[in-house]
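Inspection log for the structure reproduced underneath, given as structure tokens.
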Amino acid sequence: MKLALVSDVLDPTTGWGRYAGEIADELIASGVDVRLVSPRDRLAIPKLHSYPDHLSIPSFQYGSRHPVRVFFRTLVPLVRALRGVDVIHCMIEPFAPVVAVAAGQRPYFVSLVGTYALPSGRPRIEGTALGWALRRARGLPAISQYTKARIEADIGVPQASVVPLAVRAEDFFQSTPRVREPGLIVSVGEPKPRKGYDLMLEAFATLRSEGIADRYVIVGPYNSSSPYVQQLQTRINAPDLQGRVTFTGVVSQEELAAWYHRARLVVMPYRSWKSDFEGFGLVLLEANACGTPVVSTRDSGAEEPVVHDMNGLLVAPDNVRELLRAVRGLLTDDARWEVLAAGARRRVAAMTWRRSVDQLLDIYAGSLGYRLDE
């Protein structure tokens, strides 16, 4: 039986791209007969470059995102790419409607990764088409229990399940360990309201005034014209924070690992913002792979990677006082920091892509009556 994995750009610097690439790599390694269906000209995962069964479709991320245009520019190349395929797994939600049509009578699955999975959060035509495609799917593997619950509450689908994200610890190994900066707090990811960086700025200002924290670094791409970035920049330019907060811009994998190793804490104060939410928070596991404890929020996808008081702390969303208390505690209590750092490595050892793919194969088997690796 041949399985098609339909994705957008296979690029480890994007959430969708890393997720699809890691799942594809593990399925292929498991002996599943996989066809990759994604924009070939934007393949940025070296270990998949030489994979022979890879057919191309247009990109969602790098083209017009209007749902009607996405559908019509993708349908014909997708139908061609799915010839000879028995089962289809759509790895990104915006392609779900066109996959549902192109699949015909063949079974298909749709991953639930985050904000784009909520029909109620999309414009009317797009939301209606997405809801239809999700209800027809044979299975809906979600990347976290939180994401699964959000989709179930939105459209009441019964076929959702959980296949969490994972991390390869070896990707973050550094032969020459960085010296930790006792007062360094790091956040990772493009600034958006759902990331909650404005909350961390307020907590950091207090910690600076107390002499506990020294630097706050936001790692990753940012758009200086974004209203949210401009809001952050206005606060950063205030006298109490001037010169103490940095946007790095785009960094390499090696530079990212260096920031994780250098930080005392990685803090991601996620919140729901309108229809936007954080589906998992992979950066939390990446930090853990470097032995770095994390602080994040309940009622978000962070509840999947973070076990409270094991590998990090979870606080209430939109609560600066609780966030401040948690961060202050881990900056000042070395014994507790060491316990969470040890727990971080244990958590990473349990959250592997091999485990995620085994769960996915079980979902296929439960829906189809057979495992695709047999």
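The numbers here are math on the coordinates, done by the rules we state, and not lab data. Owing to the predicted nature of the structure, the values given are computational and were not obtained by experimental measurement. For neighbour counting, all protein chains shown are included, and Cβ atoms are generated from backbone atoms with ideal geometry for every residue, glycine included.
Enclosing the Cα atoms of segment 169-350 in their convex hull gives a volume equal to 107 cubic angstrom per residue.
Need one number: convex hull volume per residue for segment 1-157, Cα atoms only, in Å³.
104
Taking a sphere under 12 Å around the Cβ of Pro58 and counting the other residues whose Cβ falls inside, with K and R at +1 and D and E at -1, yields a net charge of +3. The alpha carbon centroids of segment 332-374 and segment 94-153 are separated by 24 Å.
Here the Debye sum runs over all C-alpha atoms of the chain as equal scatterers in vacuum, and log10 of I(q)/I(0) at q = 0.15 Å⁻¹ comes out as -1.32. In this calculation the C-beta distance from Asp334 to Gln253 is compared with R0 = 41 Å, giving a FRET efficiency of 0.90.
Determine the sum of side-chain charges near Val251: Lys and Arg each +1, Asp and Glu each -1, restricted to other residues whose C-beta is under 13 angstrom from that of Val251. So the surrounding residues net to -3. Calculated [222 nm] ellipticity per residue, helices only, for the chain: -12500 deg cm²/dmol; basis is -39500 (n - 2.57) per DSSP H run with n ≥ 4, divided by all residues, nearest 500. Using alpha-carbon positions, what is the distance between the centroids of segment 207-273 and segment 279-296, in Å? Taking the Cα centre of segment 279-296 as reference, the centre of segment 207-273 is 16 Å away. Relative to the globular-protein estimate of 2.2 N^0.38 Å, the Cα radius of gyration of segment 1-54 stands at 1.00. With a cut-off of 13 Å between beta carbons, the residues surrounding Arg83 carry a summed charge of +2, where Lys and Arg count +1 and Asp and Glu -1.
Give the lysines whose C-alpha is closer than 24 Å to that of Lys192, dropping any in the same chain fewer than 8 places away, or say none. By straight Cα distance, Lys192 reaches Lys148, Lys274. Separation of segment 154-172 and segment 29-84, taken as the distance between their Cα centroids, equals 21 angstrom. Contact order for segment 169-350, expressed relative to its length and based on alpha carbon pairs under 8 Å spaced 6+ residues apart, stands at 25 percent. Sequentially through segment 83-90, phi angles give Karplus couplings (6.51, -1.76, 1.60; θ = phi - 60°) of 5, x, 9, 9, 9, 10, 10, 8 Hz, Gly and Pro residues having no value and appearing as x. Using the Cβ-Cβ distance between Leu368 and Tyr62 with R0 set to 25 Å, the FRET efficiency from 1/(1 + (r/R0)^6) comes to roughly 0.15. Projected label points at Gln174 and Arg235, each 7 Å from Cα along the beta carbon direction, are separated by 2.7 nanometres. Two tests apply to each whole DSSP H helix in the chain, Cα reach of 15 Å or more along its axis and mean Kyte-Doolittle hydropathy of at least 0.5, and the ones passing both are 67-81, 320-332.
As a proxy for reagent exposure, His89, His66 were ordered by neighbouring Cβ count within 10 angstrom, fewest first; the result is His66, His89. Scattering from segment 205-267 was approximated by placing one identical point on each alpha carbon and applying the Debye formula without solvent; log10 I(q)/I(0) at 0.15, 0.17, 0.29 1/Å stands at -0.53, -0.68, -1.25. Normalised by the number of residues in the chain, the average gap of Cα pairs under 8 Å and 6 or more apart makes the relative contact order 15 percent. Each semi-axis of the equivalent ellipsoid for segment 86-174 is √(5λ) with λ an eigenvalue of the Cα gyration tensor; in descending order they amount to 24, 16, 12 Å.
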